[in-house]
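Student: Please read through the structure below; I'll follow up with questions.
The values are calculated or read from the model by the stated rules, or taken from the named source; none is laboratory data. These figures come from a predicted structure and were not determined experimentally. Glycine also receives a Cβ, built like all others from the backbone with ideal geometry; neighbour counts cover every protein chain displayed.
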DNA sequence: CAATGGGTAACTGTTTACAATCTACAGTGA
DNA sequence: TCACTGTAGATTGTAAACAGTTACCCATTG
């Protein structure tokens with residue numbers, strides 16, 4: 001057996017459509033496209049040097065994730081973020097993360113909590129340095145751990161389907177309320193301690209509280225109603 | 001303005017891929033394919049008289065719904081139902097239907113409850129006639145109403161993504177436990193009354209109880225572990 | 001000036017064909 | 001028996017072309 005380090009870092013033959021999906025998702029969540037902008041298949045195909053096939057596959061997936069709106073015979077348009085979207089994403093997230101946490105708290109064991117503590121440790125230092133993008137990354141990483149340990153493929157998929165939009169919200173929040181960076185650590189530490197009890201009910205209550213807090217802050221953002 | 005009732009019910013130009021998705025989903029849930037069967041794109045394309053494009057779109061969607069497994073460069077295989085699938089589908093369903101019911105109970109109003117009562121009325125008569133397929137249809141119709149009135153596009157989509165598998169489970173249950181047909185009405189009536197209180201907490205508790213009951217029965221089915 | 005209607009351009013939806021790539025499986029040799 | 005190799009079959013990726021729609025412009029009409 002040849003160790004992984006020696007051979008080529010595996011060409012990672014993912015489907016081209018999946019790569020395109022990631023690239024476009026990053027471009028949209030990163031603000032490289034304007035909300036409402038018309039994304040044309042042929043333009044994207046030319047720009048990314050692929051054919052229309054993988055582009056269509058990517059757009060279909062991004063539509064499911066809520067990043068673009070597909071109008072028949074019109075094409076794909078970058079979604080505009082509304083108050084309704086924030087509400088839907090957060091209530092749905094609350095529902096599935098509640099389930100995920102209830103399961104994860106009895107499955108994480110030492111390894112899971114060690115991962116979590118590593119993230120928390122970094123959050124603590126972010127509190128002093130204050131780099132908004134780091135805060136977003138760590139916030140997501142923390143919750144990714146819960147989903148990873150809940151051992152529930154379907155919940156994981158639903159999370160992945162809204163994760164991109166959660167990212168957008170977190171970025172918007174940090175841009176509007178930079179002071180929030182200071183409470184990131186304590187809120188997640190509290191949630192971690194609730195999970196550590198190993199009691200599904202306590203874990204679910206912890207999530208309810210955590211997500212509700214995040215939602216209350218987001219509601220203060222100035223967004224169009226729909 | 002011409003009222004909708006007078007004009008043609010619009011030819012509803014759906015995409016071919018969507019039609020193919022529905023056809024294949026029905027064929028899979030209806031048992032026309034064997035679990036594990038290898039579905040080849042070209043075969044399906046020939047059989048349905050469409051090109052590979054819509055077929056691929058359909059298979060990608062059915063994979064997200066859990067009806068087929070897509071293996072890279074191998075193709076699509078009809079999923080085998082396992083105990084794990086039953087557990088995942090029901091816990092996820094419990095989580096989102098809890099949310100949906102909490103919202104729906106304050107939005108259904110008279111019209112919604114009228115729809116529900118119409119379904120309940122049919123359930124009562126099924127109890128005497130006992131046609132398993134009718135029981136499945138009515139069970140789904142009842143819960144569809146909750147999702148329709150919860151006014152939450154994303155929850156609706158998640159429901160649609162597991163609805164097909166729930167259908168499979170219900171059919172399997174009726175095949176194994178025909179006696180269940182007798183309790184269908186009373187259990188749903190109980191849930192309807194919980195919703196009618198208009199209290200989100202009561203509605204959520206009603207769902208917890210209802211889904212848990214359904215799950216307990218399904219667990220008695222004899223299914224492979226994975 | 002507003003409403004109507006024709007015409008056009010642009011884009012998506014679909015089909016077809018072909019090249020490239022990968023998997024599984026059988027066969028080969030040690 | 002085991003590991004390797006080669007090949008056939010199937011899928012994915014790409015490309016090109018056509019059909020169907022949609023939006024938009026603009027002249028016409030009242």
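Student: Does residue A:28 count as surrounded by 19 or more Cβ atoms within 10 Å (Cβ to Cβ), within 14 Å of another protein chain (Cβ to nearest Cβ) and part of a helix (DSSP H, G or I)?
Tutor: no
Student: Considering A:172, A:203, A:194, which residue is in a helix (DSSP H, G or I) and either surrounded by fewer than 18 Cβ atoms within 10 Å (Cβ to Cβ) or under 20 Å from the mean Cα position of the chain (by Cα) (or both)?
Tutor: A:172
Student: Does residue B:66 qualify as being outside any helix (DSSP H, G or I), within 14 Å of chain A (Cβ to nearest Cβ) and at pLDDT 90 or above?
Tutor: Judged against the criteria, residue B:66 is a match.
Student: Which ones in the range A:63-72 are out of contact with any strand residue (DSSP E or B) (no Cβ under 8 Å at 6 or more places or on another chain) and more than 14 Å from DNA strand C (Cβ to nearest atom)?
Tutor: Within the range A:63-72, A:64, A:65, A:66 meet the criteria.
Student: So for the range B:88-102 (the condition being under 22 Å from residue B:26 (Cβ atoms) and facing chain A (nearest Cβ under 9 Å)), does at least one residue qualify?
Tutor: Within the range B:88-102, one or more residues are under 22 Å from residue B:26 (Cβ atoms) and facing chain A (nearest Cβ under 9 Å).
Student: Looking at the range B:73-85, is at least one residue more than 9 Å from DNA strand C (Cβ to nearest atom), without any contact (Cβ under 8 Å) to a residue 12 or more places away in the chain and outside any loop (DSSP other than H, G, I, E, B)?
Tutor: Among the residues of the range B:73-85, not one is more than 9 Å from DNA strand C (Cβ to nearest atom), without any contact (Cβ under 8 Å) to a residue 12 or more places away in the chain and outside any loop (DSSP other than H, G, I, E, B), which makes the answer no.
Listed here are the residues, each with its yes/no results for (1) outside any helix (DSSP H, G or I); (2) crowded, with 18+ Cβ neighbours inside 10 Å; (3) modelled with pLDDT under 95; (4) not assigned by TED's automatic domain parsing to the domain that holds residue A:166.
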position: A:92; (1), (2), (3), (4): no, yes, no, no
position: A:96; (1), (2), (3), (4): no, yes, no, no
position: A:100; (1), (2), (3), (4): no, yes, no, no
position: A:103; (1), (2), (3), (4): no, yes, no, no
position: A:114; (1), (2), (3), (4): no, no, no, no
position: A:123; (1), (2), (3), (4): no, yes, yes, no
position: A:133; (1), (2), (3), (4): no, no, yes, no
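Student: Within the range B:210-222, is even one residue touching a helix residue (DSSP H, G or I) at 6+ places or on another chain (Cβ under 7 Å), buried (at least 16 other Cβ atoms within 10 Å of the Cβ) and without any contact (Cβ under 8 Å) to a residue 24 or more places away in the chain?
Tutor: Within the range B:210-222 (the criterion being touching a helix residue (DSSP H, G or I) at 6+ places or on another chain (Cβ under 7 Å), buried (at least 16 other Cβ atoms within 10 Å of the Cβ) and without any contact (Cβ under 8 Å) to a residue 24 or more places away in the chain), the answer is yes, since at least one residue qualifies.
Student: Ok, one more. Is it the case that some residue within the range A:41-63 is in a loop (DSSP other than H, G, I, E, B), under 14 Å from residue B:154 (Cα atoms) and either within 11 Å of DNA strand D (Cβ to nearest atom) or modelled with pLDDT of 90 or more (or both)?
Tutor: Within the range A:41-63 (the criterion being in a loop (DSSP other than H, G, I, E, B), under 14 Å from residue B:154 (Cα atoms) and either within 11 Å of DNA strand D (Cβ to nearest atom) or modelled with pLDDT of 90 or more (or both)), the answer is no, since none of the residues qualifies.
Student: Also, I was wondering about something else. Among what's in the range A:31-62 and is within 14 Å of chain B (Cβ to nearest Cβ) and in contact with a strand residue (DSSP E or B) (Cβ under 8 Å, 6 or more places away or on another chain), pick the residue that is farthest from DNA strand C (Cβ to nearest atom).
Tutor: A:62
Student: Hey, can you tell me all the residues within the range B:69-82 that are modelled with pLDDT of 90 or more and in contact with a helix residue (DSSP H, G or I) (Cβ under 9 Å, 6 or more places away or on another chain)?
Tutor: Within the range B:69-82, B:69, B:70, B:76, B:78, B:79 meet the criteria.
Student: Output the number of the condition that residue A:223 fails; it satisfies all remaining conditions of (1) outside any helix (DSSP H, G or I); (2) within 14 Å of residue A:95 (Cα to Cα).
Tutor: (2)
Student: Still on this structure: What residue, of A:193, A:208, A:131, A:199, is more than 25 Å from residue A:80 (Cα to Cα) and within 14 Å of another protein chain (Cβ to nearest Cβ)?
Tutor: Just one listed residue meets the conditions, A:208.
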